[in-house]
Structures are given as C-alpha cells and as structure tokens.
Amino acid sequence: MSLLELIQEAQEALSRLLHNLFVSIRQLTRHTHSRGRRTTWRTDDILQREDGPLFAAEIGSELQKQFAILPGGRGINGSPIIVFPEFPTFSELEEEEIQNVLSYLTSVPSVAASGVGFILVIDRRLDRWAAVKATLLRIAGSFPGILHLVLVLRPTTLLQRTLSDFLFKYNKDEFKMKVVMLSSVTELHAYIDPGQLTTELGGTQEYCHDSWISHRTAIEAFALMVKTTAQTLQAFGTELAETELPNDAEATTNLLHTHTLKKDKMKEDLQVALSQGGRLLECINEPLQTDPEYNMTHDELENLATVQRLLGQLDETETAFDDFWERHRTKLEQCLQLRHFEQHFREVRAQLDVTLERLSGFSEVSVSPVHAEHVLRELNGHEEKACEVLDYALSLAGEGDRLIENSHYAEDSIRPKCIELRGVCEEISSTLRSKKSLLLRAMELHHALEKASRWCEEGIFLLASQPVDRCQSQDGAEAALQELERYLDTAPLHTLTDRSAICCQYEAVLTTQLRDQIEKVFQKQSSVQEMFEKRRVSLKKLAAKQTRPVQPVAPRPEVKSPQSSPNQQRKERRYSADNTICKKVESPVHNGSTRHASLSEEEENLAVLRRHVMNELLETERAYVEELLCVLEGYAAEMENPAMAHLIPSTLLSKKDVLFGNMPEIYQFHKRTFLKELEAYTDYPELVGRCFLERMKDLQIYEAYCQNKPRSESLWRQCSDCAFFQKCQKKLEHKLGLDSYLLKPVQRITKYQLLLKELLKYSKGCDGCDDLQEALSSILGILKAVNDSMHLIAITGYEGNLSELGRLLMQGSFSVWTEHKKGHAKVKDLARFKPMQRHLFLHEKALLFCKRREENGEGYEKAPSYSFKHSLSMSAVGITENAKGDNKKFEIWCNSREEVFIVQAPTPEIKTAWVNEIRKVLTQQLKACRDASQQKSSDSVSPTPTSNNSSISLSPFRSSTQKNQKKQEEKKVEPSPISDTNSSSSPKHKGWNKASLSVDASEENDGYSSGEDPMNSDPEDEVGKKLAPGKYTVVADCEKAGPQELSVKSGDVVQLIREGEEGQWFVKNLRSSKEGWVAEANLLSLISESKSSQSLSSSDDSVSGNLSTSSSCSETYTSYSDIKP
C-alpha cells in the first residue's frame, strides 16, 4: 500500500472520529426553537446549524433570578421535572426572559427524557389565584417542550384556596394543558417520589442553584472548546490532504516548517481541552468523593457519561491525528529528499558535463616528450578533479538507491537518474583511461625517437672527437676502429629497427608530425650508420699499413675515460670535436683526396653541431611557452576564481598586474609568433639570425618585465606563505614555488645570447653568419638596455626628465675627488682626502653623479637605489685622460677647470672604456659644432680672419699654451688611433635605435680651447715622463708578474738603482729591503719623486663598486650571473 493511500485512510478515520466528537458535543449543547420545534442538524456537515444554542453564560442573569429551575429529578415515567419556586414578581418578568430560561432548561435533559415530556411543579402557596392563573397562562404560551403534567401548589389561605377551587374549574379549558391543583406537598408526593424533589417541596434532594449554574457553564465551555478544536483539526486535516507538493527544496522546507508549527498548535489545543475535560470530570465527581453514598441525579449522570465519552473520543482523535500527521510529515520529508536529490542531480550533472567537455578537449596527440609530459600532467590534474566529481555523482546515485529501498513515493523518478549518473561516470572513467593510455603510448614513442636521435648525435660527436693525428698511426687507427665497433654494438639497444612495426605498434597515436619525426630518425640512423661505415673503411685502410703520424699543430685535451658519465662524455666530446675541427683546418695534409674528405667531414660535423644547438633552442622554447601557460592558468587565472577568493590575502587583492607584470604579453608573443617563426628555421639553423633581427623590436617587451621584477618579488615575499599559492602549487604538482617561474622570462632572454654564440661558433663562413653576429649584438644590446633601465629607475631626487638627457651610454661605480677655484686660488674640498663613492650615469647630453644606497632584503629587494647629487652638461665638460699617479684615474672638468672631478675606476680597463666613450661623445659634439660653424661661415657675406674662433672656443679639450691654438685650428680633429682601438671594445648595437645627438652650438664655454692632442691637452700631462735614478714614493700597488720582479705597495719608498734592457729598472724597496726588476711603464704610473711625495695615493679600500654591466654589451649578461639560464 502506498503512502498516499495510507494518508487517505488516516484522513477518513480522523473524519469519523471528528464526527463522533461533534455528536457528543451536540449532546452537551442541544437546544430547541422558541416555538417548540426541534433543532435541525445537518447530517452532511456537523459543523453548521440553523440556530445557535443558548449557553448558561449568555443567560446567566435570567438564571440567577431562579424563577424556574431544573433540579434533576424525574417523574415516575422518567419525565424531567422543572420547578417554578415562589416568585412574587413573576408577572413582571419579560416574555423574552421566560422564553430564554425555559428554552435553556428544556435543552439540558437528554433527548429520550425530553421526548417523554416535562413535569412542571409550580409552587404558588403564598400567592394569589390571580397570580397563579397568570403564571399558567404565560407558561402555556411560551413553554418550548412537551408538557406531560403541570402540578400547582395552590395558595394556602382560605380565601385564595376557595377562589382557586372555584375559578380553576371555571377557567380550566383556557390553560390547554393538564393541570393538577394540589393543596399540600403531601399530595405532591403522590405524583412524584420525594427523593426526586428538593427540600423546599418536602423532598430529600439537595440542590444548590449557584453550583448548578457553574457546572453548566463549565460543561458548556468545555463543549465549546472541544468543538473549536475539532473544527480546527478538521480544517487542518483538509488543508494537509489538499496541499500540493512544492517543486523546490526551499519551498518544501518552508511548507514542512509551517505545517509543523500548525501541528504543534493543534497538539497544544488538544492538550488544553483534555486538561479542562479532566478538571470538569473531577468537579462532577466531587460529591461522590465527599460522600460515597451520594446519589446523583439523572442530569448529573448524563453529564458525567457525556464528558467521559467526550474525553475518550478526544484521546482517540489525538491518536488518529498523530498517525495522520506522521504520514503527512513522512510524505513532506520524502518530498524534501526528492527535491534535494533533484537539485544535487542537476548540479552534479552540470559538473559531469563540464568535466566531459574539458576531457574531450585534451589531445592525446603530442609533438614532443616535454609536451606529452605536460599534457599528461595536466590530464592527471584534471583526473583528480574529475575523481572528486565522480565520487560525488556515485555517492548521489547510492543515495537515490537508499531512497528507493525506503519505499519513496517517487521511485519512478529517482531510478532513471541513478542509472544516468552511473552511465556518465563510466563514460568519463573510460575516456580518462583511454586518453591516459594513448598519451603514455605517445610518450613511449617520443622517448624511443629521442633515444635513437641521441644515439645518432653521440655517434656524430664520437666521429668528430676522433683526432686525425692519432689515426695516422696503425695503433691509433686500430684504437679508433675498436671505439667505433664498441659504439656500434650499442645500436640495438638505442636505435629503431623496423619502420613498419613501429607504425603498426603506435598506429593509434601517429600523426603526420610523428610520422615525419619517425622518418627523420630513420634517415638520421641511416646517415650515421653510413658515416660510421665510411670511417670504418678509412680506419681499416690506415690500420692495414704503417703511416707516419702527422705532427699536431697544437696540444689537445686528452679524451676522457669511457667510465665517466654520459653527460660528461657528451660535453667532453663536444669540446674535443670543436678543437679537432679547428685542428683539421690548420693541419697540413699532403694528400689532396684525404684533405678533401677531411674538409667534407668537418662541414658535416659543423652542420650536426648547428642542428644540435637549433634543437636545443626549439625544445627549450617550447618548454618555455608551456611553463608560461602553466603559470598564467595555474596562478594568474585562479586569482579571478571566486572559489579561491577566500584564500587570497588582502595584500594580494587587485595586484595581479604587479605580480605577473606583462607576462601575458610575453606569452602571446612567443606562442603566436616567435615559436612558429623559429620552427620555420629547423632545417636551416645558420639562418635563424634573421628571425631574431626581424623580431628584435618585439623582444624589447622584456625591458618592462625586468623593470617590474623588483615590485613583483617584493609582493611575492609578502604573500609567499599564503594558502592560495600553496594550493595552486599543489594542483599544478610543481616542486618549485611561483617565484622560480616568475624568473623564467629573465632566464630566457639571457639564454638567447648563449645559444646565438654557440650557433655563431659553428657557422663560420656560412651564409647567415653576419646575421647571427648582428642578432647576437642586438640581443646583447637589449640586455644592456634592460640592465641600464633597472639602474635608471632606481635614481631618486633628480628633478628633471631623464629621457631628455639622451640615451644612457654607460653607468658604473667610482671613487671621486673634487676641487674648484675661488678667485686665483685653488681650493680642495675636504672630501678630497677621502674619496666620495659615486655611481656615474653617462648620457649623450649629461653626466650624472649619484650616491649608491644599498637596500636591506633579499633578491631584488636588495637592489640599490641612487640619490642624485650632481650633473654636468656634456656640452660644457672636458677630460684629462691620465691623472698623475694612478693609471685608473682620469679627470672630468668644466668651466676652464674651475670645477674638477678626479675619477678613479675599479680597473684600468674600465677607465679606458669610459674615457673612450666620453671622448667619442665630445668628438661628436665638437664635429657638430664645427660643421655648424663652417655652415655659418659659408653663409656669411664678408667673413673675417677670425671667423674660425667659434670652433676654437667650442672645443671641449683644453690646450697647454696659447701658441698651439693656430696650429690646432689648422688640424682636422679626429679620434686618435688609440681611441679607435679602444672604442672597438665598446659594442655597436646593430638593430638598436639610438637617440639623436644635439649640441647647443651657441653656448659660451669660457676657457675652452683645442690643444694639439685633444685627449692630453691638460698642462699636467705635459710634464716629462723620463725616469732617473733616485728615491720615489709608491702611490699604487703592483704585484710582481715573474720570479725576478719586485712587488710594491702604496706608501712604500723605493730607490731606482739602474736601468736595464727592454725598459726594465732594477729597484730596491727601502721598506722591505727587497730588490727586483720593475717595468718602466709600470713605474711611470706607480711612483713620484720623494720630494713631491705628498701626492695622494689610493689604497684598495678606496676603490669601491664593481664593473657595471652597462660598460659593454658582452658584460651586460654578467649582471645576471646569478641566474642560470
């Protein structure tokens, strides 16, 4: 039997009980019409009546007058007795009062007793006949019930008794009812048993009218309460039965809550009714409790039985209602379970669809082992998420099975959903297994191809590493032949043998690209085996006859032991191959054919090396793109995921652009453009320089990334331990944190120059050699610009616009002394005796002096900042290349040496590079000024003999005497040969946009003139450099370069004894008493005469700073020396 049928039966049972309950209530509240008609009950609806009953509470005032009472006695035939006690003012009562009281009193006895008829006892013993007659007439006209007999105790006075006897006989027919006139209570006892009469009528029945009224009021109130409760129960039962089940879980929950509250209210009302009925029953039984021999009247017995029956029916109704509610509650709970199940089904079904869609997007085809591993790793990560969804789905299906086992009414709706969930889960699991299997097969094939390709490359390295000179001897040839034989014995373990078997075995994962790779590997194997065969033939011929060994041109590192690791062997073989290739080119071979074969083999080896470098470039580029994608999807995208929002700390909110910089832009460039263009040069590695040159401008996006790196690393250090990064790293299965991957772009841009150097080394004489050289220079230029920009953004306190100073040429740390003139006296700053540590930035238009400030922290947080201190316009400066006393010093001055900066570089090489760069800037400015002056002279109408003075005054170089001015004017200003030689060390940034130079030709530069030698035009440089025997003070340290040379330190006093050959002087250190030879060139920069030994010397401690990587492009990379590409 279904739950709905059980609920229907329970509702019918409850209705029957309620019907019986109303019958009992009707017995308590029965009434008649005022005209003697019975109350009409509607059988179809016990809750409605034509006329409402009268209650004691409504006519309490009329009942209190006590002109008519119902003491509960019965006549001999069981007729109820109504007594009309003495009431002198009965005639003054209103008709409505009499009618209400009589109607109420006649409604109290049972239906059976009322049907026999009532006996009226009218006591008028103290009244007059007129009053008796009036009473009888009024009763006859208003009595609502059936009258069986009217007994009248007539007046007892003689006159009134006589009148009553006479007049009663005369007026008897007027009363229209059976009336018996009694003279005394004794005669009354003949009609009614004294036990049914009150003591006022000579009977024994005890009657208290007030108690009777209170009992009747309580009984009627109880009946009314039971009636109200029954009506509410029936209405609530109807509401429950007619309630439609909601379609969502929330509405079902609300409905269950509402019905539960109503049920609790019904239960409270039932309990109140039962409690009141119990008290009423105790009140009715109270006389029996005080007097066990007390005899209840018929009315009391009827009331007692009715109340008892009513209480019993209430108990049964409560039980039936509880059963009905339990069934209804079960139905609602099952409905709620169904709605939850349907809601969860919709959610998990959507998740299953998304999982299936994502799974279908995973390709089982891979282009490389790295790609296959990446896809498999992503698939494993997706499998973890999918397993969570699958477990949830299967758990929901199990929940549906339990609902069906518990006889859920919606079994037909639940069962198909469970079947559907299990079907989709099986489909996802099957697809996962299939894709994983295919990826594993693809990885297996990739590894086999990679293994075979590696064997071929190592074989080529082996061929290239065999020295030609040793192979000329019989023993060498035999050893080389045995080495080849041993390597060929390893072929079955590493190479692929059957092309058709491979294609058949891996048919499920073969793509066009994979087929091409298989074909290339087999071709490479064939080529390598052919090369080995040719070498074997050659070596066998050499081993068969004694050949005079060829003397090698240069020593070669010996071949390492075979027991070393494969990677070490591969590096050694490459190194040996490079040396061997060079030796082959230089070694004289007398046999023309042998030389031709050797050159052909050399070219082939170089081609193999180029392909090896190109493969490394492509593989690392693909891995780089995959790593960027992994970071952007696994970290950056998750920052926008609402499900992860609670894990993101407040310091990281809205900081995605700070943390990742322009990494999305870098990824898009490499993914969509650069990788595809590099792959186009797979077979032409020597031409890949063109690709770099074409995309050089795009590669400048790394400058913005590097500039943002300090901010990114600072933010990372604040949030590195947060749960968000840990969860993302766990999902991605990364062993390293995000900071390692944020460093990838920096590592990648530095890796390119290494790979280009390798390609350039193996591409000498090829068509694309010039492009490779230019691409390398441009990449180094980018690195220099990146590094310089990192320093520029750290400058603080400069009020102008740095971009207006032109391109940054060089930057580095130096020790600086300053001096300036006041009037005719030269004043030295106090700081001259202790050098200032300054970081110089050389721009095209200005030279900035800044103070370097190290920051506390790690990594980029420890990057220095620079406080701006001073600037010099390049149009107003001059230089002195060699400052007296130190080959690491030079001077920068302005305004006719009114302000001089003595700059000491960390090394002489750095000093030379800076002097050359400054000289180039000044020369360009001088040339620009002279061109402007000559143009102005040619445009002049009448030129004067002094028309060239403008060019002289604008020269940035200072002359020693005025007599050289004319000579210098006639000379063409050119950079010296030394300048050209040194400037070649400074890189030429091909492909790099240079800022245009501008010189204000009209600016007045007092005290400027051009000397004979622009770089040595300062008077201090005109002092003779010829050494003579004597005592000198050392102003710089010098370590000995040979066993016979002497080492000295700053501050030592030395004596020059004699001059030797080849510019050597025999010197004695008077402090250490040691003697030795020192080169004259070194002495010129190391010593000064003891008479002028007050000249300043600089110790090691005064030299600060390291070589700035902006001094040359090749040194730019060294700024990232702590980063392994």
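The values are calculated or read from the model by the stated rules, or taken from the named source; none is laboratory data. Everything numeric in this text was worked out from a predicted model, so none of it was measured. When we count neighbours, we look across all protein chains shown, and the Cβ atoms used for this are built from the backbone with ideal geometry, even at glycine. Surface accessibility is based on the protein's heavy atoms, side chains included, excluding ligands, DNA and RNA. Shrake-Rupley method; radii C 1.70, N 1.55, O 1.52, S 1.80 Å.
Residue pairs whose Cβ atoms lie under 9 Å apart, separated by 6 or more positions or on different chains, with the first residue in segment 1047-1058 and at positive phi and the second in a strand (DSSP E or B), are 1051/1033; 1051/1034.
When we screen 250, 282 for residues that are at negative phi, modelled with pLDDT of 85 or more, open to solvent by 40 Å² or more (accessible area, probe 1.4 Å) and not hydrophobic (A, V, I, L, M, F, W, C), the only hit is 250. Condition check: crowded, with 16+ Cβ neighbours inside 10 Å and among the polar types (S, T, N, Q). Does residue 243 satisfy that? Answer is no for this residue. Hey, does segment 531-545 have a residue that's assigned to a helix (DSSP H, G or I), open to solvent by 60 Å² or more (accessible area, probe 1.4 Å), within 30 Å of residue 363 (Cα to Cα) and not β-branched (Val, Ile, Thr)? For segment 531-545, residues assigned to a helix (DSSP H, G or I), open to solvent by 60 Å² or more (accessible area, probe 1.4 Å), within 30 Å of residue 363 (Cα to Cα) and not β-branched (Val, Ile, Thr): absent. Restricting 436, 417 to those that are open to solvent by less than 60 Å² (accessible area, probe 1.4 Å), modelled with pLDDT of 85 or more and in a helix (DSSP H, G or I) reduces the list to 417. Residue-level check: of (1) in a helix (DSSP H, G or I); (2) open to solvent by 60 Å² or more (accessible area, probe 1.4 Å); (3) closer than 30 Å to residue 208 by Cβ, residue 293 misses just (1). Of everything in segment 378-394 that is within 15 Å of residue 426 (Cβ to Cβ) and free of Cβ contacts under 8 Å to residues at least 24 places away in the same chain, the residue that is surrounded by the most Cβ atoms within 10 Å (Cβ to Cβ) is 387. Among residues of segment 598-626 that are aromatic (Phe, Trp, Tyr), those with a Cβ under 9 angstrom from a residue that is at pLDDT 80 or above, sequence gap 6+ or separate chain, pair up as 624/670; 624/675; 624/744; 624/745; 624/747; 624/748; 624/751. Quick check on my filter: what residues within segment 113-133 are of a type in the set (Val, Ile, Thr) and surrounded by fewer than 20 Cβ atoms within 10 Å (Cβ to Cβ)? The one that is of a type in the set (Val, Ile, Thr) and surrounded by fewer than 20 Cβ atoms within 10 Å (Cβ to Cβ): 116. Search segment 648-687 for residues being open to solvent by 40 Å² or more (accessible area, probe 1.4 Å) and of a type in the set (A, V, I, L, M, F, W, C), and hand back the single one that is nearest to residue 760 (Cα to Cα). Per the criteria, the residue is 680. Residue 331 meets the conditions (1) within 39 Å of the chain's Cα centre (by Cα); (2) closer than 30 Å to residue 273 by Cα in every case but one. The failed one is (1).
When we screen 739, 770 for residues that are closer than 19 Å to residue 706 by Cα and of a type in the set (Asp, Glu), the only hit is 739.
Here residue 151 fits the description: modelled with pLDDT of 80 or more and open to solvent by less than 60 Å² (accessible area, probe 1.4 Å). Taking the conditions (1) of a type outside the set (A, V, I, L, M); (2) modelled with pLDDT of 85 or more; (3) surrounded by 13 or more Cβ atoms within 10 Å (Cβ to Cβ) in turn, residue 482 satisfies each one other than (3).
Does residue 694 meet the test of being open to solvent by 20 Å² or more (accessible area, probe 1.4 Å), closer than 30 Å to residue 638 by Cα and in contact (Cβ under 8 Å) with a residue 12 or more places away in the chain?
No, not satisfied.
Picking from 463, 493, which residue would you name as being in contact (Cβ under 8 Å) with a residue 24 or more places away in the chain and of a type outside the set (Val, Ile, Thr)?
463
Only residues that are outside any helix (DSSP H, G or I) and at pLDDT below 90 were counted across segment 700-732, and they come to 2. The set of residues in segment 887-914 that are touching a strand residue (DSSP E or B) at 6+ places or on another chain (Cβ under 6 Å), modelled with pLDDT of 90 or more and of a type in the set (Asp, Glu) contains only 891. When every residue of segment 45-66 is checked against the conditions, at least one turns out to be basic (Lys, Arg), open to solvent by 30 Å² or more (accessible area, probe 1.4 Å) and modelled with pLDDT under 80.
Among the residues in segment 667-684, are any in a helix (DSSP H, G or I) and closer than 20 Å to residue 737 by Cβ? Taking every residue of segment 667-684 in turn, at least one turns out to be in a helix (DSSP H, G or I) and closer than 20 Å to residue 737 by Cβ.
Here residue 236 passes the criteria (1) in contact (Cβ under 8 Å) with a residue 60 or more places away in the chain; (2) hydrophobic (A, V, I, L, M, F, W, C); (3) open to solvent by less than 20 Å² (accessible area, probe 1.4 Å) except the one numbered (1). No other residue among 1097, 1047 is open to solvent by 40 Å² or more (accessible area, probe 1.4 Å), modelled with pLDDT of 75 or more and hydroxyl-bearing (Ser, Thr, Tyr) apart from 1047.
Taking segment 199-231 only, how many residues are in contact with a Ser or Thr (Cβ under 6 Å, 6 or more places away or on another chain) and either aliphatic (A, V, I, L, M) or assigned to a helix (DSSP H, G or I) (or both)?
Here the count works out to 1.
On the basis of being of a type outside the set (Gly, Ala, Ser) and either farther than 30 Å from residue 335 by Cα or in contact with a helix residue (DSSP H, G or I) (Cβ under 6 Å, 6 or more places away or on another chain) (or both), does residue 250 make the cut? Against the criterion (of a type outside the set (Gly, Ala, Ser) and either farther than 30 Å from residue 335 by Cα or in contact with a helix residue (DSSP H, G or I) (Cβ under 6 Å, 6 or more places away or on another chain) (or both)), residue 250 does not qualify. Within segment 98-112, the set of residues being open to solvent by less than 30 Å² (accessible area, probe 1.4 Å), in a helix (DSSP H, G or I) and in contact (Cβ under 8 Å) with a residue 60 or more places away in the chain comprises 103, 104, 106, 107.
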